[in-house]
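Structure, as structure tokens:
The values are calculated or read from the model by the stated rules, or taken from the named source; none is laboratory data. Predicted model only: the values in this text are computed from it and were never measured. We place every Cβ from the backbone using ideal geometry, glycine too, and count neighbours over all the protein chains shown. We work out accessible area using only protein heavy atoms, side chains counted, and drop any ligands, DNA or RNA first. Shrake-Rupley method; radii C 1.70, N 1.55, O 1.52, S 1.80 Å.
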There are 2 protein chains.
Amino acid sequence: MQLNLQKNVGLAQKQATAPSPAFNVRGNAMRSKLPVQVASKAASAKKAPIARAVAEAEDKASKQFGVFRLSYDVNNEDKEMMKNWKKTINVAVTGASGTIANHLLFMLASGEVYGKDQPIALQLLGSERSYEALEGVAMELEDSLYPLLREVSIGIDPYEIFAGADWALMVGAQPRGPGMERSDLIQKNGQIFQVQGRALNEVADRNCKVIVVGNPCCTNALIAMENAPNLPRKNFHALTRLDENRAKSQLALKAGKFYTSVSRVAVWGNHSTTQVPDFLNAKIGGLPAMNVIRDNQWFKEHFTPKVAMRGGALIKKWGRSSAASTAVSVADSIRSLITPTPPGDCFSSGVISDGNLYGIQEGLNFSFPCRSKGDGDYEICNDFIIDDWLRMKIKAAEDELIQERDCVSHLIGREGGACAIGPNTPDTSVPGEN
Amino acid sequence: MQLNLQKNVGLAQKQATAPSPAFNVRGNAMRSKLPVQVASKAASAKKAPIARAVAEAEDKASKQFGVFRLSYDVNNEDKEMMKNWKKTINVAVTGASGTIANHLLFMLASGEVYGKDQPIALQLLGSERSYEALEGVAMELEDSLYPLLREVSIGIDPYEIFAGADWALMVGAQPRGPGMERSDLIQKNGQIFQVQGRALNEVADRNCKVIVVGNPCCTNALIAMENAPNLPRKNFHALTRLDENRAKSQLALKAGKFYTSVSRVAVWGNHSTTQVPDFLNAKIGGLPAMNVIRDNQWFKEHFTPKVAMRGGALIKKWGRSSAASTAVSVADSIRSLITPTPPGDCFSSGVISDGNLYGIQEGLNFSFPCRSKGDGDYEICNDFIIDDWLRMKIKAAEDELIQERDCVSHLIGREGGACAIGPNTPDTSVPGEN
């Protein structure tokens, strides 16, 4: 590995100069981590020879956009501003020229997600078709002068864009075209997430946290995870936080309380209309939600569909899907992993069901109530009460996720049943997101 | 005034209950200010009888959207979270269903603009055509669960939406239709800003800060100001901060430094292609920019048009105009007024030229370098060096703004020259923003 690095003048120079604070580096002087890490990662990755990772790290540098492409002298910058900064983290975002990302990227760059002491490098994945739009996004990021945004690179190759990623926010997915069957959509997206999972496996940080937004997000997250055996299985999340947030706002509305008083709202299962926003364990003002609202019929017949159909209601009003609030929920998901969960509270995330105590089949990406110490890791909450009604709803979600998994067996190297999703299978896509 | 308030049961009740922390109020318990202030404002406003302002305050409450419409019990909320909060401020935003506002509103609601101790009430102005979209925006704000966002009201009547506004962010403007002459555009928008200025004059907070984004923003700000004689003239700003931010990123790019090292960049004059981004006074890493870049030809021939044409370049890439970075620059403008300007630095804003020491004709909205103590007020910097070249460029901008003003004389109650902008007048609209 030494040999490889020494062959590479650019990288060797970065390494040699990294400890000193007063010279030109690409990025900032506090950031000596990427090339070394990529190389060591590559050594542990099965399919990536060191040379490739090194070449990619070099290549990555050449794809830095605009003002971020420059070597710059940190001596020119305000040392007071930077002295308590952490090391720069690499955040890869797919679907980076889309509307959800357009909100998310500016939230990330502003420091309101990872914190005001956390410089970040954005690595943006687009498609050939969207490459120019991606340049436009990078130009707007340049013009926003965010101090914490230290690097922006753009590209269309996941092996390049995921290199050294500490976080991969997988927003991009194939949208459902006119007349496209749901099974076709699962297949199409499955192939994308297989490729992207393999890329993560080869080049991402060995503890990369992955949040899948593109739908069907639970099954897409499962596919990415199964194709990235060198990353911890529990690092793969599917976004069900938007459902949680919507459930909280509906509970508040019904209770006549402000939404900040609502806590401990789990969303179980799939991000689809079979989703199970949990009112049994939810609290409002510290009391059980069911003691505050006292209307079982509303909970069972109105609350759940209202949350599931929220995206559709919004599209009817707004004429387009809910990009901003989706981005907010991604930001919330990240913050939930890097800040301690308040006692008694939880956050919802689609995670691997391995070892869960609720009897959900293992090997599924399933949304559970989770807790975190704020270290990027989490555990599934084990103290949620499940009554018969909740068990029945959760079982339906489990069945659906098993069915989705069966349709992508070939993409996850699994002996599975045949795909049973056909033209007559009820469409459980969340309206406005299919 | 007492009589009027006592007649009004809703308001009287709010007032009576306001000092106690443990009851239901519309909004939050810390906020007893609106009804009282509106009433006292109305008393000082020439055209607004108290009854009207009171009715409006009541009416406003009834327009609160969704979860924000509720009375809620602050006892249910985390007192620790709220104990150091300031009083809620009212922020009115026009063009609220548009793409710039769609970024801006979430930035405002997140607390990253006004601060994490500043609860806000958003008052969103749309049009009849966009009313449903406005509901969609409010729904997304509900689902984002921002703790600091205490109220959201939506409407299409500026007299309702500007009621009690501490800030008015005037993003909306008539876009230029196909074949529309620039003089027509100025007229059309002039009428909008005349109406909105009058509404501000009647119902906004007497120290309301106004930032005009809709183009032609300087002349629109002038019209609003002249129609709001009860508000301080210096409270009216036109957005030239996006130009400043773009200028900084271009200086950084040329100098090979990171943008955080660039300071003291003034934009003089109009937000149009006659804009004058000032490289003479600009600094890079604390040194004069001209000593760092040492390429006068680049400054004079490339830098200025590059900044002015940035919006057009972005549209070519991105296929739509720069909504996110515009919203960022509005947020920057607000922050510049509520945080002290660092010593030796400045921020650019289109402000009333009354009493300026640079010889610019009075009674124009003209972009100057400004400084603030962080109290919402500002002064024009008086220590900027003007050389012959800069003077010539500034003069051209001044001539243009006089010409624009002459075209709207009838809207600002002024004896002025005839409108000299015709089909043969060069079009100086910033590309992508006309």
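Would you check which residues across the stretch B:237-263 are of a type in the set (S, T, N, Q), open to solvent by less than 20 Å² (accessible area, probe 1.4 Å) and more than 26 Å from B:Asp354 (Cβ to Cβ) and list them? Reasoning before the result, please.
Of the residues in the stretch B:237-263, the ones of a type in the set (S, T, N, Q) are B:240, B:245, B:249-250, B:260-261, B:263.
Those left that are additionally open to solvent by less than 20 Å² (accessible area, probe 1.4 Å): B:240, B:245, B:249-250, B:261.
Matches in the stretch B:237-263: B:Asn245, B:Ser249, B:Gln250, B:Ser261.
Cβ-Cβ below 7 Å, separation at least six or inter-chain, first residue in the stretch B:113-139 and farther than 18 Å from B:Asn90 by Cα and free of Cβ contacts under 8 Å to residues at least 24 places away in the same chain, second among the charged types (D, E, K, R) and open to solvent by 40 Å² or more (accessible area, probe 1.4 Å): which pairs?
What qualifies is B:Glu132/A:Lys317.
Given the criterion open to solvent by less than 50 Å² (accessible area, probe 1.4 Å), farther than 30 Å from A:Trp318 by Cβ and basic (Lys, Arg), identify the matching residue among A:Arg371, A:Arg405, A:Arg414.
Details: A:Arg371 fails: open to solvent by less than 50 Å² (accessible area, probe 1.4 Å); A:Arg414 fails: open to solvent by less than 50 Å² (accessible area, probe 1.4 Å).
After ruling out the rest, the residue left standing is A:Arg405.
Taking the stretch A:272-295 on its own, how many of its residues are at pLDDT 95 or above and not aliphatic (A, V, I, L, M)?
Qualifying residue count for the region: 9.
Of the residues in the stretch A:159-188, how many are free of Cβ contacts under 8 Å to residues at least 24 places away in the same chain and among the small types (Gly, Ala, Ser)?
Residues meeting the conditions: 2.
Which condition from (1) touching a residue at least 24 places away in the same chain (Cβ under 8 Å); (2) touching a Phe, Trp or Tyr at 6+ places or on another chain (Cβ under 9 Å) is the one that A:Ser353 breaks?
Unmet condition: (1).
I need the full set of residues from the stretch B:89-112 which are at the interface with chain A (Cβ under 10 Å from one of its Cβ atoms) and not hydroxyl-bearing (Ser, Thr, Tyr), in order please.
B:Asn102, B:His103, B:Leu105, B:Phe106, B:Met107, B:Ala109, B:Gly111, B:Glu112, listed by residue number.
If you scan the stretch A:174-188, which residues turn out to be of a type in the set (D, E, K, R) and at pLDDT below 85?
If the condition is that a residue be of a type in the set (D, E, K, R) and at pLDDT below 85, then A:Arg176, A:Glu181, A:Arg182 are the ones that fit.
The rows are residues; the columns are (1) surrounded by 24 or more Cβ atoms within 10 Å (Cβ to Cβ); (2) closer than 19 Å to A:Ala221 by Cα; (3) of a type in the set (Ser, Thr, Tyr).
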{"site": "A:Thr94", "(1), (2), (3)": "yes, yes, yes"}
{"site": "A:Glu142", "(1), (2), (3)": "yes, no, no"}
{"site": "A:Leu145", "(1), (2), (3)": "no, no, no"}
{"site": "A:Tyr159", "(1), (2), (3)": "no, yes, yes"}
{"site": "A:Ala165", "(1), (2), (3)": "yes, yes, no"}
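Of the numbered conditions (1) closer than 30 Å to B:Ala313 by Cα; (2) open to solvent by less than 10 Å² (accessible area, probe 1.4 Å); (3) at pLDDT below 95; (4) part of a helix (DSSP H, G or I), A:Ile154 fails exactly one; give the number of that condition.
(4)
Kindly indicate which of B:Ser272, B:Ser329, B:Ser333 is outside any helix (DSSP H, G or I) and among the small types (Gly, Ala, Ser). Even if it seems obvious, please write down each step before you answer.
On the way: B:Ser329 fails: outside any helix (DSSP H, G or I); B:Ser333 fails: outside any helix (DSSP H, G or I).
Selected residue: B:Ser272, the only one of B:Ser272, B:Ser329, B:Ser333 that is outside any helix (DSSP H, G or I) and among the small types (Gly, Ala, Ser).
Residues are listed down the side, and each one gets a yes or a no for (1) modelled with pLDDT of 95 or more; (2) within 17 Å of A:Val267 (Cα to Cα):
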{"position": "A:Ser353", "(1), (2)": "yes, yes"}
{"position": "A:Tyr358", "(1), (2)": "yes, yes"}
{"position": "A:Phe366", "(1), (2)": "yes, yes"}
{"position": "A:Gly376", "(1), (2)": "yes, no"}
{"position": "A:Glu379", "(1), (2)": "yes, yes"}
{"position": "A:Phe384", "(1), (2)": "yes, yes"}
{"position": "A:Ser409", "(1), (2)": "no, no"}
{"position": "A:Gly413", "(1), (2)": "no, no"}
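So which residues in the stretch A:374-392 are buried (at least 19 other Cβ atoms within 10 Å of the Cβ) and closer than 15 Å to A:Lys209 by Cβ, if there are any at all?
A:Tyr378 - this is the single residue of the stretch A:374-392 that is buried (at least 19 other Cβ atoms within 10 Å of the Cβ) and closer than 15 Å to A:Lys209 by Cβ.
Which ones in the stretch B:347-372 are touching a Ser or Thr at 6+ places or on another chain (Cβ under 8 Å) and not polar (S, T, N, Q)?
B:Phe347, B:Gly350, B:Val351, B:Ile360, B:Glu362, B:Gly363, B:Leu364, B:Phe366, B:Phe368, B:Pro369, B:Cys370, B:Arg371
What is the one condition in (1) open to solvent by 10 Å² or more (accessible area, probe 1.4 Å); (2) more than 10 Å from every other protein chain (Cβ to nearest Cβ); (3) within 30 Å of A:Tyr114 (Cβ to Cβ) that B:Leu124 does not satisfy?
(1)
Taking the condition within 15 Å of A:Pro369 (Cα to Cα) and in a helix (DSSP H, G or I), does A:Lys234 pass? Walk me through it before giving the result.
Details: within 15 Å of A:Pro369 (Cα to Cα): yes; in a helix (DSSP H, G or I): yes.
Judged against the criteria, A:Lys234 is a match.
Regarding B:Lys234, is this residue under 15 Å from the mean Cα position of the chain (by Cα) and surrounded by fewer than 21 Cβ atoms within 10 Å (Cβ to Cβ)?
Yes.
Looking only at the stretch B:264-292, which residues are open to solvent by 10 Å² or more (accessible area, probe 1.4 Å), among the polar types (S, T, N, Q) and in contact with a helix residue (DSSP H, G or I) (Cβ under 8 Å, 6 or more places away or on another chain)?
B:Thr273, B:Thr274
Condition test on B:Met107, is it of a type outside the set (Ser, Thr, Tyr) and either modelled with pLDDT under 90 or more than 28 Å from B:Ala173 (Cα to Cα) (or both)?
Criteria not met by B:Met107.
When you scan the stretch A:336-343, do you find a residue that is open to solvent by 10 Å² or more (accessible area, probe 1.4 Å) and either more than 19 Å from A:Thr260 (Cα to Cα) or of a type in the set (Lys, Arg) (or both), even just one?
Yes: the stretch A:336-343 contains one or more residues that are open to solvent by 10 Å² or more (accessible area, probe 1.4 Å) and either more than 19 Å from A:Thr260 (Cα to Cα) or of a type in the set (Lys, Arg) (or both).
Residue-by-condition table, conditions (1) farther than 26 Å from A:Ser321 by Cβ; (2) open to solvent by 30 Å² or more (accessible area, probe 1.4 Å); (3) assigned by TED's automatic domain parsing to the domain that holds A:His271:
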| position | (1), (2), (3) |
| --- | --- |
| A:Lys395 | yes, yes, yes |
| A:Glu400 | no, no, yes |
| A:Ala418 | yes, yes, no |
| A:Ile421 | no, no, no |
| A:Ser429 | no, no, no |
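How about the stretch A:293-321: which of its residues are at the interface with chain B (Cβ under 10 Å from one of its Cβ atoms), open to solvent by 10 Å² or more (accessible area, probe 1.4 Å) and closer than 18 Å to B:Gly66 by Cβ?
A:Arg310, A:Ala313, A:Ile315, A:Lys316, A:Lys317, A:Trp318
Which ones in the stretch B:243-266 are assigned to a helix (DSSP H, G or I), at the interface with another protein chain (Cβ under 7 Å from one of its Cβ atoms) and not basic (Lys, Arg)?
Selection gives B:Asn245, B:Ser249, B:Ala252, B:Leu253, B:Tyr259, B:Thr260, B:Ser261.
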